[in-house]
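J.: Next up is a structure, given as structure tokens.
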Amino acid sequence: MAAVTSDDDTSRCLLLALSHDELGVIVDGLADPLHPVVAVALSSTCKGLRTSPVLERARLILMQRHFRAVALCETMVMSCEELSYAEVLEYGDSLDADDLATLGMIVRTSGLPRLHCLDLSRNFFGNAGLRELCKGLGCGAAPSLITVDISYNGFCLTGAEALAAVLLGGAMPKLATLCINDNHIGNQGIAALVAPLRKLPALKTLNLTNCEIGDEGVASLVDNLDKNEFKRLERIWLKDNLVTDAGCGMVVTAVRNGALPMIVRTNGIRLGGTNPARDPAIRAVKDAIRGRA
């Protein structure tokens, strides 16, 4: 049989009629680092595609990403197949910034569409790790994610700002539970997060225990709430922070003004622990909630 010519290739493979940019878009859409076989098979369908410099570059990038994905899965003691279909991803040991960069890349390219619970607590990956993870969380990323636990990871203001940016950009639209406790984000960190947190339509639980949040941070959370902000929030933990009697007074004012309707219904605010607020101020919060219940 005669060898297929370049003209024959073009007539038999319509993909060859596309521009390099158009072909690149198709390849990017198929380039799943957990399942690289689809994109690799595409590049093997005809001689013209096999010799395409665009596809060759894309194939090399994809294989590099695949090797990174395999290494991460080995660390987490799972296969690429298991990760791609995971509904719950839980690992708390020793993930570092490079591992989080790989996980972010996987989210960005394959989407992990079934993932509803991501628990990365106690890895201590710091600001750098959280920033790398957030790079993979663009608009609409992790569409099924309901629970995120990134507590005990040693990040502070810059990590909180990175998380705030992706939430503002539309990532994790169904998020209902966010645990960032035991990371010292401080008043500035919670101030950065407030705008997107107030608008999350499904947010029910917010754990801010031991985050070095004082009265200024409490003000960011509860001042001037409108009827559509924190409207489904049922539980907020502010234990072991730096909240004084003044901060408790701010919560009382917010409750009396009609804010936090679900917290009123569930009595779901916790202000004790090592906060310097005195018992009468904490009781005043409880009394305000009971008075509206």
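Where a number appears in this text, it was derived from the coordinates with a stated rule and is not lab data. Small disclaimer: the values here were computed from a predicted structure and weren't measured. Because the Cβ atoms are built from the backbone with ideal geometry, glycine has one as well, and the counts that use them run over all protein chains shown.
J.: For the range 259-275, what does the Karplus curve 6.51 cos²θ - 1.76 cosθ + 1.60, with θ = phi - 60°, yield as ³J(HN,Hα) per residue in whole Hz, taken in order and with x for Gly and Pro?
T.: Karplus-based 3J(HN,Hα) across the range 259-275 equals 7, 6, x, 6, 5, 4, 5, 9, 6, x, 10, 10, 10, x, x, 8, 4 Hz.
J.: Related question: For the range 136-234, what mean projected area does the convex hull of the alpha carbons give, in nm²?
T.: 5.6
J.: Same structure, new question: Ordered by residue, what ³J(HN,Hα) values in Hz, to whole numbers, does the range 278-293 give under the Karplus form 6.51 cos²θ - 1.76 cosθ + 1.60, where θ = phi - 60° and Gly and Pro are x?
T.: Rounded to whole hertz, the list is 7, 4, x, 5, 5, 5, 4, 5, 4, 5, 5, 5, 5, x, 9, 5.
J.: If you take the Cα atoms of the range 80-292, find Rg, then find the Kirkwood Rh from the mean of 1/r over all pairs, what is Rg/Rh?
T.: With Rg and the Kirkwood Rh in hand, the quotient comes to 0.99.
J.: Tell me, what is the FRET efficiency for T158 and N228 to the nearest 0.05, using R0 = 22 angstrom and their Cβ-Cβ distance as r?
T.: E between T158 and N228, to the nearest 0.05, is 0.15.
J.: Okay, next question. Just to compare against my own numbers: the Cα pair-distance distribution for the range 178-293, 5 Å bins, whole % per bin, please.
T.: Percent of pairs per bin, in order: 2, 13, 25, 28, 22, 9, 1.
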